[in-house]
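Q: Pasting in a structure now, in structure tokens, and then I'll have a few things to ask.
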Amino acid sequence: MARKKIIAGNWKMNMTPSEAVELVNTLKPLVATEDADVVFCVPAIDIIPAMEAAKGSNIEIGAENMYFEEKGAYTGEISPSMLTDVGVKYVVLGHSERREYFAETSETVNKKMLKAFEHGITPIMCCGETLEQREQGVTMDFIRQQVKVGFLNVTAAQAATSVIAYEPIWAIGTGKTATTEQAQEVCKAIRECIAEIYDDATAAAVRIQYGGSVNAATAPELFVQPDIDGGLVGGAALKPDFGKIVNWK
Ligand code: 13P
């Protein structure tokens, strides 16, 4: 069965709750499609108002992070049940910005992955190399490690429902999209890594996104690649351009 595309916006630390409502209302008619799953991953405080605004549309509202404990003395964190209680079905885990600025590691990402599955939330697990790693030729070793640790103890059935976002760090927010060949090459290798950990059926089911300066001009050639099942979009997800990315065909 062909994989359905999944095109997600990662709003990062942008949009106040009232701005979020405005943006959802603006984008709602522009991102209408049946060809792809459309997800807006928004700051925690925007989740409820964004969901209200998205009601009746095809937009799913997701979170940008989540903690791996159920509840308790973890000041400032958001638990899985807090997300599911309001109907969140997707969560971005292990974004490179969280790894870089907030001490997220593949081990903590793995704990969060397991928790997400336990609560029926689909993780969008991010991986990607730095420019130095690419130049040193260790891109695939590094990403395979991120994927293998991220999926430790995740079952094949769970893995099959997951989303992996390949986001080369040097392409994030830089206007420098990876070439289509580079993006396809790594996404294919990630799928092969999933086949090694599990089996071919799981690898064929998992959805792999590309992220890093995706825009309306680059989306079509990226999304047509055999191993690229959509995108995780930062800057361009905050603009009407996101409608063109979602309706890339
Ligand atoms: P940009 O699209 O702004 O480069 O951000 C990509 C990203 O980090 C999405 O998670």
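Q: Only bridges whose two residues both fall in the chain count here: according to DSSP, what percent of them are antiparallel, nearest 5?
A: 0
Q: Taking the Cα centre of region 171-249 as origin, work out the dipole magnitude from +1 charges on Lys and Arg Cβ and -1 charges on Asp and Glu Cβ, in debye rounded to 20.
A: Charge dipole, region 171-249, about its Cα centre: 480 debye, nearest 20.
Q: Hey, another quick one. Sort 89-97, 65-73 by packing, meaning the average of other beta carbons within 10 Å per residue, with the highest value first.
A: So the peptides 89-97, 65-73, ranked by packing, come out 89-97, 65-73.
Q: Which shape class, rounded, prolate or oblate, goes with the chain when its Cα gyration tensor gives a ≥ b ≥ c as root eigenvalues, a/c under 1.5 marks rounded, and past that a/b bigger than b/c marks prolate?
A: In terms of gyration-tensor shape, rounded.
Q: Now for a different question. When the chain is fully extended, how far beyond the present Cα-Cα distance does Lys188 get from Ser57, taking 0.36 nm per residue of separation?
A: Between Lys188 and Ser57, full extension yields an extra 43.9 nm.
Q: If I take every Cα pair under 8 Å that is 6 or more residues apart in region 77-139, average their sequence separation and divide by the length, what percent do I get for the relative contact order?
A: Relative contact order of region 77-139: 40 percent.
Q: Please report the net charge: other residues with Cβ closer than 11 Å to the Cβ of Gln184, K and R +1, D and E -1.
A: Every neighbour counted, the sum reads -2.
Q: In nm, to one decimal, how far is the Leu131 label point from the Glu196 one, both placed 7 Å along Cα→Cβ?
A: 2.8
Q: For Leu30 and Thr16 in one chain, what is 0.36 nm times their gap in residues minus the Cα-Cα distance, to one decimal in nm?
A: Working it through step by step, the gained length comes to 2.9 nm.
Q: Just need the relative contact order of region 1-139 here, percent rounded to a whole number, with Cα pairs under 8 Å and 6+ apart.
A: Relative CO of region 1-139 lands at 19 percent.
Q: Would you please put 222-233, 47-58 in order of how densely packed they are, using the mean number of other Cβ atoms within 10 angstrom per residue and starting with the highest?
A: Top of the packing list down: 222-233, 47-58.
Q: For each pair in Lys4/Lys112; Lys28/Lys55; Lys89/Lys112; Lys12/Lys249; Lys4/Lys111; Lys4/Lys188, compute the distance between the two Cα atoms and list the pairs where it is over 19 Å.
A: Going by Cα-Cα distance, Lys4/Lys112; Lys12/Lys249; Lys4/Lys111 fall outside the 19 Å limit.
Q: Then there's this: What net charge do the residues around Lys249 carry, taking every other residue with its C-beta under 10 Å from that of Lys249, with Lys and Arg at +1 and Asp and Glu at -1?
A: Around Lys249, the charge tally is 0.
Q: Which whole-number percentage describes the relative contact order of the chain, with Cα contacts under 8 Å and a sequence gap of 6 or more?
A: 21
Q: Just add up the charged neighbours of Pro168: K/R +1, D/E -1, any other residue whose Cβ is under 10 Å from the Cβ of Pro168.
A: In short, 0.
Taken together, the values in this text are just the output of simple stated rules run on the coordinates, not laboratory data. All figures in this text were calculated on a predicted structure; none of them were measured in a lab. Positions of Cβ are backbone-derived with ideal geometry, glycine not excepted, and every protein chain shown enters the neighbour counts.
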